[in-house]
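Contents: one structure, followed by commentary.
The values are calculated or read from the model by the stated rules, or taken from the named source; none is laboratory data. Model, not experiment: these values are computed from the prediction. Ideal geometry is used to build each Cβ from the backbone, glycine not excepted, and the neighbour counts take in all protein chains shown. Areas reflect the complete protein model, heavy atoms only, side chains present, ligands, DNA and RNA absent. Shrake-Rupley method; radii C 1.70, N 1.55, O 1.52, S 1.80 Å.
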Amino acid sequence: MEQKYLDRINKISNGNARIAMMAGEIACDANRIEEIIDVSNLYENYYGHVFDDLVLDLNKKLLISLGIISFLNAIRLDFIDPILPFLQEEGITKDEFIEMIYLLHSNEIVDICNDKAAILSDQCLANFVLKYLFCDKKIIKLSSIVEACFNAYREKTIFSINTLLEIFQNDELIEYVKSELLFLWKKLEDEESEMFFDYLKAFFSVNEMKTLIKLNDMIDK
């Protein structure tokens, strides 16, 4: 198998042997790398049962809690202050959030380490949850979680956005992610937010021309 296939399968699988085997079978059968560009169905077939088994769509607070964990991948349970304003906007108290995390743990979706931190140890599952909750079902507005997490969890925020754009190379998904990033861009710019310039540096690629114009204006001043 050509190296370009192997590189793509490695990115898709994130160390999950079953995902790698499924992607490899598709690539071998079709002999076209295009067949493993958008892997939405592959992830859906492998992880869709998670939501079916828990009937998660009946509990929005549980979905939101899972979405936060998938976006950050890991979070200290004794330090969730940065996301408390976001939780409050969604009608979730700190105690309810912790309760939801333990419920997810009891269903073997989230791992809790020494009662100190919660983590989605399966990166492929985290990828699927990102797509399913933020892009497919839009349970959480993507621009809202980016704004809530950017300052305190900048690297994790950038990583999650890049994951959506690079793993699920679906035109509709890419357009949605970019539109959400541009929506927040305008909001921060209009509000003259202190985090705007750092945000621009992180996501300049969604509008390179506007970035150049903004930098030119700043230099002129």
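Can you find a residue in the stretch 164-180 that is free of Cβ contacts under 8 Å to residues at least 40 places away in the same chain and open to solvent by less than 10 Å² (accessible area, probe 1.4 Å)?
Looking through the stretch 164-180, at least one residue is free of Cβ contacts under 8 Å to residues at least 40 places away in the same chain and open to solvent by less than 10 Å² (accessible area, probe 1.4 Å).
Can you tell me which condition Phe159 does not meet? The list is (1) under 12 Å from the mean Cα position of the chain (by Cα); (2) part of a loop (DSSP other than H, G, I, E, B); (3) of a type in the set (A, V, I, L, M, F, W, C), and all the others hold.
Just one mismatch for Phe159, condition (2).
Residues that are buried (at least 22 other Cβ atoms within 10 Å of the Cβ), modelled with pLDDT of 95 or more and hydrophobic (A, V, I, L, M, F, W, C): does the stretch 135-145 have at least one?
Yes, some residue in the stretch 135-145 is buried (at least 22 other Cβ atoms within 10 Å of the Cβ), modelled with pLDDT of 95 or more and hydrophobic (A, V, I, L, M, F, W, C).
Given the condition without any contact (Cβ under 8 Å) to a residue 40 or more places away in the chain, surrounded by fewer than 15 Cβ atoms within 10 Å (Cβ to Cβ) and of a type in the set (Lys, Arg), answer yes or no: does some residue in the stretch 203-219 qualify?
No, every residue in the stretch 203-219 fails to be without any contact (Cβ under 8 Å) to a residue 40 or more places away in the chain, surrounded by fewer than 15 Cβ atoms within 10 Å (Cβ to Cβ) and of a type in the set (Lys, Arg).
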